[in-house]
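Student: My questions all concern the structure below.
The values are calculated or read from the model by the stated rules, or taken from the named source; none is laboratory data. This structure is a prediction, so every number in the text was calculated from the model and none was measured. Positions of Cβ are backbone-derived with ideal geometry, glycine not excepted, and every protein chain shown enters the neighbour counts.
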Amino acid sequence: MAKRKRKLSLGLGMMSLFTALTLIGGVAGSLAWYAYSRTVRFSFVGTTVSKSALLGVGLVDDGNYFTDQDLIDYNLYRETHDTHTIVFTRSRNGFSLQAIQKYLFKSPHAVEKLFPLTTRARAINDQSTLQLYKSPEYSVTDLTSPASPSDYVVLPFAFKIIDEQSEYVADKKVWLTDAVCTAQENIQNSVRVYVEGTNRNFLMKPADGANQTVSTKVGGVLDLDGDGTYDYNKNTMEEYCYGDFTNTPTHSTTPYPEEIPPVYDNVNGVTDLHASTFYAAHKTDVYTADIASAQPLVQEYETFGTVKPNESSDGHYYAGDHGIPICATANNSKIGYATFTIFVEGWDHSVVDKAAGYSFNLGLTFAIDRI
């Protein structure tokens, strides 16, 4: 079995006008697929888009993570809606660094550690709850062990819209109007955001601004033990096929010939042809997997381009040919809810050994339509 990498450590940092979560890490061990560390900043702004209304951002705090003293210290206030306890910030710049830090340290999800995860095949119109799984181990091809909640970030946001009479406004949509994800060496491609909103659930690749959905293969032949060759069963001498495929892949009828030096074979279709978990050589005398006989299945994603709203000539937001509201304020409570799950997709080909020490920044901006 491959040795699992030490998880990435999580720290917190502040960006001007943004509330930011910063994940900072170092790694050790031998599991190549997830061998990297990085910095992640998740940020948002509660922004006014008209003179008559303000978007308020809160966190659902049913666990009572914020104490009464925290409310005083961090300029927060507590309200109850829909049987939920919600803590809102009084600041137009969002939650302070210290407030989010306090919340995360009390939550069951990632605080100091973040570990990249594995997903299964998923269609773009799938409205079921996203399932996240532990990273693969050498020779374990069926990836079904649930990920630990402490391996990813979950932020249950609540939104309200306040008009100029200080009244809460019902039946108004909240939109994602900006998504910025930057990093070294394309590491940003591995960041995923899953949104469970009032209107629908969706999985997004925020680094991609294309006005179409994209996908990642969630099956492949891998080098998890880091020996430079694709993993194989030492009893049958057949290569392992990890993850999800259309059917069970077959193998070559004759063993792989000896190659001096080893010839690297791009079985997984990667673009960065450097030795990695996804790009290795076939072992001599091994029966190679025939990936063409069973295509890897895919995880489909929205992009920022398909999520952001259309904007009319007079500045109104609407769905049109693209655009997915994050949520809408309810008619009764006048509160909208959207839970954000932020994780790193280990099947992305940018997640390789040479990425160790790299970092990425993620910023998301919410806004409301004119009233």
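Table: residues versus (1) over 21 Å from the mean Cα position of the chain (by Cα); (2) free of Cβ contacts under 8 Å to residues at least 12 places away in the same chain.
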| position | (1), (2) |
| --- | --- |
| LEU59 | no, no |
| LEU76 | yes, no |
| GLU79 | yes, no |
| THR83 | yes, yes |
| VAL87 | yes, no |
| HIS109 | no, no |
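Student: Filter the stretch 52-69 down to the residues that are more than 16 Å from LYS334 (Cβ to Cβ) and either outside any helix (DSSP H, G or I) or β-branched (Val, Ile, Thr) (or both) and list them by number.
Tutor: LEU59, ASP61, ASP62, GLY63, ASN64, TYR65, PHE66, THR67, listed by residue number.
Student: For THR119, are the conditions met, namely being closer than 30 Å to GLY228 by Cβ, hydroxyl-bearing (Ser, Thr, Tyr) and within 14 Å of the chain's Cα centre (by Cα)?
Tutor: The answer is yes for THR119.
Student: So in the stretch 297-352, with the set limited to residues that are at positive phi and surrounded by fewer than 17 Cβ atoms within 10 Å (Cβ to Cβ), which one is farthest from the chain's Cα centre (by Cα)?
Tutor: By that ranking, first place goes to GLY315.
Student: Can you tell me which residue among GLY220, GLY228, GLY197, GLY209 is touching a residue at least 12 places away in the same chain (Cβ under 8 Å) and touching a Cys at 6+ places or on another chain (Cβ under 7 Å)?
Tutor: GLY197
Student: Another question, if that's okay. Of all residues in the stretch 275-316, which are in a strand (DSSP E or B), in contact with a strand residue (DSSP E or B) (Cβ under 9 Å, 6 or more places away or on another chain), under 30 Å from TYR256 (Cα atoms) and not β-branched (Val, Ile, Thr)?
Tutor: Those that are in a strand (DSSP E or B), in contact with a strand residue (DSSP E or B) (Cβ under 9 Å, 6 or more places away or on another chain), under 30 Å from TYR256 (Cα atoms) and not β-branched (Val, Ile, Thr): TYR279, ALA280, ALA281, TYR287, ALA289, ASP290, PRO296.
Student: Within the stretch 169-188, is even one residue surrounded by 22 or more Cβ atoms within 10 Å (Cβ to Cβ) and more than 30 Å from HIS316 (Cβ to Cβ)?
Tutor: yes
Student: Hey, can you tell me all the residues within the stretch 243-291 that are in contact (Cβ under 8 Å) with a residue 40 or more places away in the chain, surrounded by fewer than 18 Cβ atoms within 10 Å (Cβ to Cβ) and either on the phi > 0 side of the Ramachandran plot or small (Gly, Ala, Ser) (or both)?
Tutor: GLY269, ALA275, ASP285
Student: I've got another one for you. From the set of residues in the stretch 147-168 that are among the charged types (D, E, K, R), in contact with a Ser or Thr (Cβ under 8 Å, 6 or more places away or on another chain) and surrounded by fewer than 21 Cβ atoms within 10 Å (Cβ to Cβ), which is modelled with the highest pLDDT?
Tutor: The residue in question is ASP163.
Student: Which of (1) assigned to a strand (DSSP E or B); (2) more than 19 Å from THR119 (Cβ to Cβ); (3) at pLDDT 85 or above is the odd one out, the single condition ALA179 does not satisfy?
Tutor: Here ALA179 clears every test but (3).
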